[in-house]
1. Picking from VAL26, VAL50, VAL63, which residue would you name as being within 22 Å of ASN135 (Cα to Cα), of a type in the set (Val, Ile, Thr), in contact (Cβ under 8 Å) with a residue 24 or more places away in the chain and part of a helix (DSSP H, G or I)?
2. Which of (1) in contact (Cβ under 8 Å) with a residue 40 or more places away in the chain; (2) buried (at least 17 other Cβ atoms within 10 Å of the Cβ) does ARG11 not meet, given it meets every other one?
3. Within the range 50-71, is there a residue that is buried (at least 17 other Cβ atoms within 10 Å of the Cβ), of a type in the set (D, E, K, R) and more than 17 Å from the chain's Cα centre (by Cα)?
4. So, in the range 113-168, how many residues would count as being part of a strand (DSSP E or B) and either among the hydrophobic types (A, V, I, L, M, F, W, C) or loosely packed, with under 10 Cβ neighbours inside 10 Å (or both)?
5. Residue by residue through the range 66-86, note down the ones that are farther than 13 Å from SER102 by Cα, in contact (Cβ under 8 Å) with a residue 24 or more places away in the chain and not in a strand (DSSP E or B).
6. Right, GLY18: surrounded by fewer than 17 Cβ atoms within 10 Å (Cβ to Cβ) and over 16 Å from the mean Cα position of the chain (by Cα) or not?
7. Looking at the range 1-15 only, could you name the residues that are modelled with pLDDT under 75, under 24 Å from the mean Cα position of the chain (by Cα) and not in a strand (DSSP E or B)?
8. State whether one or more residues within the range 93-115 are out of contact with any Cys (no Cβ under 7 Å at 6 or more places or on another chain), farther than 27 Å from ALA34 by Cα and free of Cβ contacts under 8 Å to residues at least 40 places away in the same chain.
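The values are calculated or read from the model by the stated rules, or taken from the named source; none is laboratory data. Everything numeric in this text was worked out from a predicted model, so none of it was measured. All Cβ positions, glycine included, derive from the backbone under ideal geometry; neighbour counts span all protein chains shown.
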Amino acid sequence: MAEDSLADGRRLSVRSAGLADAASIVRLVCALAAYEHVAQSDVRLTEAEVLRAAFGARPEFEVLLAERDGLPVGFALFFQSYSTFAGGPCLYLEDLFVEETSRGLGLGRRLLRELARLCLQRRYLKLDLSVLDWNPTRALYHRIGFRQREGWLPYRLDGEGIVRLANS
């Protein structure tokens, strides 16, 4: 993937994560949780889980890392989904995050650009995401061309709710 240098000599790049990046992925997920006001005790992702879920026999997600001077400062965690209406595979962006000290350098846009390129390479029909209503990154999404899906509301069933439904 691409690497660029800024006028002050800093290097920016985006690349696919590998096995050696599990600790960085967990660290960045914890930073995202703090940014989104999620208690660290609610973050259960471990390096072992990253290794299993991203790099195991049947990968469940992929990660792109944004780097500044060779150090991971941001990430995009995504996976393939499927649209019955469109009749084909899609990309779902679960998380996009850049550390505060590296914002404003275009790394979020670079991550999104690489995701768009992956969509074209893999013939994905859509790139979907959800964003918190207070997140200023919404402005970037609108500038790039994302549209808010009018009339759709997010719902979730987890934990005890899944158990209750399964046992009902």
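1. Only one candidate passes the filter, namely VAL26.
2. (2)
3. Checked against the condition, which is being buried (at least 17 other Cβ atoms within 10 Å of the Cβ), of a type in the set (D, E, K, R) and more than 17 Å from the chain's Cα centre (by Cα), the range 50-71 yields at least one hit.
4. Residues meeting the conditions: 2.
5. ALA86
6. No: the conditions fail for GLY18.
7. MET1, ALA2 - these are the residues of the range 1-15 that are modelled with pLDDT under 75, under 24 Å from the mean Cα position of the chain (by Cα) and not in a strand (DSSP E or B).
8. No, every residue in the range 93-115 fails to be out of contact with any Cys (no Cβ under 7 Å at 6 or more places or on another chain), farther than 27 Å from ALA34 by Cα and free of Cβ contacts under 8 Å to residues at least 40 places away in the same chain.
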